[in-house]
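**Student:** Here it is: the structure, laid out below.
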Amino acid sequence: MKVIVLGAGIVGVTSAYQLAKAGHEVTVVDRQKGPALETSFANAGEVSFGYCSPWAAPGIPAKAMKWLFMKHAPLILRPKLDLAMLSWMARMLSNCTSERYAINKSRMLRLADYSRIALAELRTETGIAYDERMQGTLQLFRTQQQLEASAKDVKALAADGIPYEVLDRDGCIRFEPALKHVRDKIVGGLLTPKDETGDCFKFTNALAAKAEALGVRFAYDTTIKALDVEAGRVRGVITERERMGADAVVVALGSYSPPLLKPFGVKLPVYPVKGYSLTIPITDASRAPESTVMDETFKIAITRLGDRIRVGGMAEISGYTNDLGFARRSTLEHSVTDLFPGGDLSKASFWSGLRPMTPDGTPVIGPTKINGLFLNTGHGTLGWTMSTGSARLISDLVGGRTPEIDARDLAINRYG
């Protein structure tokens, strides 16, 4: 088949690679000048197969009210007269129940564990290097209340057979020795040892080169104007330069997927939630993390990427704005210097990206009501984590094969 993939971020490039491996003629279209130049560029660096949870969780509405008045808040809300924002927030709140949380987390863990296997196999077959480490994620608790609240996550991990370990203060320091300098600030942690870390930008660029070697064509610096749909079937894509014909189209445009789909009656409840990151050169390895430390208080991940530390997090609901605010940088700096003091922040680079979030936290992967039109989007904060498994799923679905894991509850029809 002739397949067009829209988007050259981590999800689009992994999808293109798997589709090409399956024998399809693939073209990737992106408005940027190269791969991974938007949300995939400087994310937190976590590959969180075990540490993956929906933002919509029991107690979040009450916590959100508290966070709005914190100086270093993990959630920032800039309300506006935007029906898409209001609808998305209402749907997210409806998912903040114990029942919905369990369902959504189980879906996420299923896809994440499949992605763990897919990434390991892809790494073996390609030999790609991307500052990768396989040393796990430590969710770090500063209070006893946080430690006790992790019981719901422990229950979900146990139910899905995901390895984990609950650690006391000394256990956290054994896993991350640099924490010995701040031992009085922590009470314990939850370790998911199968998690990994890596530079998403490096990985995506390396895989794009492998995809090109398989025959994938990349149309960069190309603005997508509309889908070409006729008689209920997608016929291709209309760009600023030309009409590109195709037998199938995969939409992997992240936060920009809904506007493209809306004219054709495909209502995708994905909304941008902005995240921020700092990238800091390591000046003293003994005071740097070995893997990823997730600061539960501020919802900020501190990750070792080669000779750098990537500090990423926060959720700002403010629409399609990508401005950089000093207050957000201050929060990132506070978290990393509080746990790993001594870094040279004067040499840090500051970045923000728009994460494509669904109300339930689960991506949307699969066919639409338009024949030949497929979605692989809405991964939120876990696009890097879930990309390789999502790519295998979409390749199977486009090719008419039965996926290796159940993907029916990931499709858009779950929203009615």
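The values are calculated or read from the model by the stated rules, or taken from the named source; none is laboratory data. All values reported here derive from a predicted model rather than from experimental measurement. Here Cβ is always computed from backbone atoms with ideal geometry, including for glycine, and neighbour counts include all displayed protein chains. Please note that ligands, DNA and RNA were not included when accessible areas were found on the heavy atoms of the full protein model with its side chains. Shrake-Rupley method; radii C 1.70, N 1.55, O 1.52, S 1.80 Å.
**Student:** Yes or no: Q145 open to solvent by 70 Å² or more (accessible area, probe 1.4 Å) and outside the structural domain of A208 (by the TED database)?
**Tutor:** Against the criterion (open to solvent by 70 Å² or more (accessible area, probe 1.4 Å) and outside the structural domain of A208 (by the TED database)), Q145 qualifies.
**Student:** For residues that are among the small types (G, A, S) and touching a Ser or Thr at 6+ places or on another chain (Cβ under 9 Å), scanning just segment 150-194, find the one that is surrounded by the most Cβ atoms within 10 Å (Cβ to Cβ).
**Tutor:** Checked segment 150-194; the qualifying residue surrounded by the most Cβ atoms within 10 Å (Cβ to Cβ) is G189.
**Student:** Let me ask something else about it. Can we say L278 is closer than 17 Å to L354 by Cα, of a type in the set (A, V, I, L, M) and not in a strand (DSSP E or B)?
**Tutor:** Answer is no for this residue.
**Student:** Can you tell which of L253, L207, L268 is in contact (Cβ under 8 Å) with a residue 24 or more places away in the chain, surrounded by fewer than 23 Cβ atoms within 10 Å (Cβ to Cβ) and of a type outside the set (G, A, S)?
**Tutor:** Of the residues listed, the single one that is in contact (Cβ under 8 Å) with a residue 24 or more places away in the chain, surrounded by fewer than 23 Cβ atoms within 10 Å (Cβ to Cβ) and of a type outside the set (G, A, S) is L268.
**Student:** Return only the number of the condition from (1) over 20 Å from the mean Cα position of the chain (by Cα); (2) buried (at least 18 other Cβ atoms within 10 Å of the Cβ) that T402 does not satisfy.
**Tutor:** For T402, the exception is condition (2).
**Student:** Next question. Report every pair of residues separated by at least 6 positions or lying on different chains whose Cβ atoms are under 7 Å apart, first residue within segment 306-323 and on the phi > 0 side of the Ramachandran plot, second surrounded by fewer than 17 Cβ atoms within 10 Å (Cβ to Cβ) and of a type in the set (K, R).
**Tutor:** Cβ pairs passing all conditions: G319/K80.
**Student:** Consider K63 carefully, then state whether it is in contact with a strand residue (DSSP E or B) (Cβ under 9 Å, 6 or more places away or on another chain), open to solvent by 50 Å² or more (accessible area, probe 1.4 Å) and not hydroxyl-bearing (S, T, Y).
**Tutor:** Against the criterion (in contact with a strand residue (DSSP E or B) (Cβ under 9 Å, 6 or more places away or on another chain), open to solvent by 50 Å² or more (accessible area, probe 1.4 Å) and not hydroxyl-bearing (S, T, Y)), K63 qualifies.
**Student:** Yes or no: segment 338-350 includes at least one residue that is in contact with a Pro (Cβ under 6 Å, 6 or more places away or on another chain), within 25 Å of Y256 (Cα to Cα) and in contact (Cβ under 8 Å) with a residue 24 or more places away in the chain.
**Tutor:** No, that holds for no residue.
**Student:** Another question, if that's okay. Do you know which residues across segment 381-392 are out of contact with any Phe, Trp or Tyr (no Cβ under 6 Å at 6 or more places or on another chain) and either small (G, A, S) or more than 28 Å from G312 (Cα to Cα) (or both)?
**Tutor:** The answer is G383, S387, S390, A391.
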